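See below for the structure under consideration.
None of the figures in this text is laboratory data; all of them are computed from the coordinates on show. Note that the structure is predicted; figures quoted are calculated from it, not measured. Here the Cβ is made from the backbone with ideal geometry for all residues, glycine too, and neighbour counts use every protein chain on show.
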Amino acid sequence: MKPPPFEYHAPTTLDEACSLLASLEEAKVLAGGQSLIPLLNFRLARPRHLLDINRVAGLDRIYERDGGIAVEALGRQAAVEDSDLVARVCPLLGEAVRLVAHRVIRNRGTVCGSLAHADPASELPAVLLALGGHVIAQSARGKRTIAADQLFRGVFETALETDEMVVEAWFPASPQPFAILEESRRHGDFALAGVVRADTRLALFGVGSTPVLADRSDATRGLQPSGDLEATPDFRLHLVRVLTEKAFAA
Amino acid sequence: MKVNEVEYPAPADARRLLSDHLRHDLGLTGTHVGCEHGVCGCCTVLLDGNPVRSCLMLAVQAEGHELTTVEGLARSGAPLHPVQQAFHETHGLQCGFCTPGFVMSVVGLLAQHPQPTAQQIEEGIAGNLCRCTGYASIRRAVTRAVELSK
C-alpha cells in the first residue's frame, strides 16, 4: 500500500505551520499519524498537502494549568501515560490513555491528534467531554478556545476551521470518584461501547456519531447506536447499561 | 537518517512509507510488512530507541533520527541479541513472519520495564499478532529474555 500523492511540508515553527495552513488548500496536519497514515494507506483520505508538525520545536509540553493538565500538540500518548503529573492531577486521563491502542502506537500517537481526529469510538474525546475540558485552536488569525461540548460535531468532524489546528488540550483535574470502562473484542481495539464517569458526570463513546453526555439514571435515552459485524445496536445499548452500572458502583 | 548506525541518504519520495523505504530502498527486508495499517505489528522498528510502527510513518519523517531494525540487533556471525536468543530457545516462533516485529516490541518492552510483571508482558506483546504459536511460547520467550539480559 502506498499513500496517494501529496505535497509534503515540514514547518519548524508554529507561525510557519499556521501560515501554511492558511494558504494551502485541502491540507491536513500530520502529528502522530497513527490514524491519518492508515487513512492515507487505505486512500480514505486524499489531502493535497500534508503539514507535518513533528519538526516544530517545543510543542510537546505536558504541564499544569488552571488546576488541570494541558497537553500540547506533540504531547505523545505514551508521555501522558508515563507522566507523574498526570497521575497526580488527572488520573482519569492517565487511565484512559492506557486504553488507546497499544504502547507502540502510543509512542507516536498524540492526545491532541486523537481529539482532532474525533473518532466517535475513541476514548480521549469522551474523557475531555466528561471532564468539561477544552482545546485551544490556533490559526494565522489567532487563537480561540473550543469547549469539549462544542468541539465534536459528527463522525470524524469537529468545529475546527480548515485553517485551524489544535495546539493544546486542557483536561480539568479529575474529581473523585472517576472511572473509564469499555468493552472491545480484542485488547487495544476500538471499543464497541464505553463509559467515562467523572463524579456525577457521564460520557459515552462508541454509541453515536460523537461522544455524548448522558444521565446515569437513564443512560441509553435517545441513543441510536449503529450495528455492525462486531455488535448489534441492542448489544451496544446493553453494554452502556452494564458499564454505567459498574462505573457508578464504585 | 541513521539505520543500524549507518547513515543513509534522504528518501526521494515523500509518500514512501518508512516500512517500504527500509525494505525496497535500503534492502533491509528483516522488517516485515503485514497489514500496513498498524494492526499486526510486523513492521515494528525502534525510532530513537522506542518501538514504533514503520508502516505508520513516512520515511521522510525519520530524517535526522536513529532507527534500529532487526538486522541491527546482532551483526552477521555475532551472538544473537538476548531477545532473539530467547525466542530461539523457547520456540517463540513457527513460520517467523511476525517474529521481527515481536522481537523489536520486546526489546522496547524490556527497555521500559527490565523486570516486567506478567501483566506488563501481556500488554507489551498485545500489539503484535501471531497466527501460529498461540502466544504461550512467546510469553516464555519474554521471560527467558529477561534472564538472558541480566
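In terms of its Cα atoms, segment B:2-72 spans 29, 24, 19 Å along the principal axes, sorted from long to short. Checking every one of the GluC sites (Glu not before Pro) in segment B:35-132 against DSSP loop status and a limit of 15 other Cβ atoms within 10 Å picks out B:Glu63.
Each label was represented as a point 7 Å from its Cα along the Cα-to-Cβ direction; for A:Arg46 and B:Glu147 these points are 5.6 nm apart. In this simple spin-label approximation, A:Arg186 and A:Gln150 carry label points 7 Å from Cα along the Cα→Cβ vector, and these lie 4.0 nm apart.
Divide the volume of the convex hull around the Cα atoms of segment A:187-243 by the residue count and you get 87 Å³ per residue. Counting every alpha-carbon pair across chain A, the share separated by more than 30 Å comes to 24%. Normalising the Debye intensity of chain B to I(0), with uniform scatterers on Cα atoms only, and taking log10 at q = 0.10 Å⁻¹ returns -0.32. Taking the inverse of the mean reciprocal distance over all distinct Cα pairs, the Kirkwood hydrodynamic radius of segment A:7-52 comes to 10.9 Å.
Using the empirical formula 2.2 N^0.38 Å as the baseline, the Cα radius of gyration of segment B:82-149 reaches a ratio of 0.94. Given their separation in residues at 0.36 nm each and the Cα-Cα distance between them, B:Glu122 and B:Thr29 gain 30.8 nm when the chain is fully extended.
Sorted ascending by nearby beta carbons within 10 Å, beginning with the fewest, A:Arg76, B:Arg23 become B:Arg23, A:Arg76.
Structural size metrics of segment A:67-122, computed from C-alpha coordinates, are Rg and Dmax of 10.5, 30 Å. With R₀ set to 60 Å, the beta-carbon distance separating B:Ala136 from A:Thr200 gives a calculated FRET efficiency near 0.85.
Summarising the label geometry, the points placed 7 Å from Cα in the beta-carbon direction at B:Val6 and A:Arg221 lie 6.6 nm from one another.
Can you show me the helix-derived [θ] at 222 nm for chain B, built from DSSP H runs with n ≥ 4 at -39,500 (n - 2.57) apiece and divided by the number of residues, rounded to the nearest 500.
When only DSSP H runs of four or more count, the value is -9000 deg cm²/dmol.
Annotation: lysines with alpha-carbon distance below 29 angstrom to B:Lys150 (same-chain offsets under eight excluded): B:Lys2. Between segment B:105-125 and segment A:1-64, the C-alpha centres lie 31 angstrom from each other. Ordering A:Cys90, B:Cys40 by the number of other Cβ atoms within 10 Å of each residue's own Cβ, fewest first, gives B:Cys40, A:Cys90.
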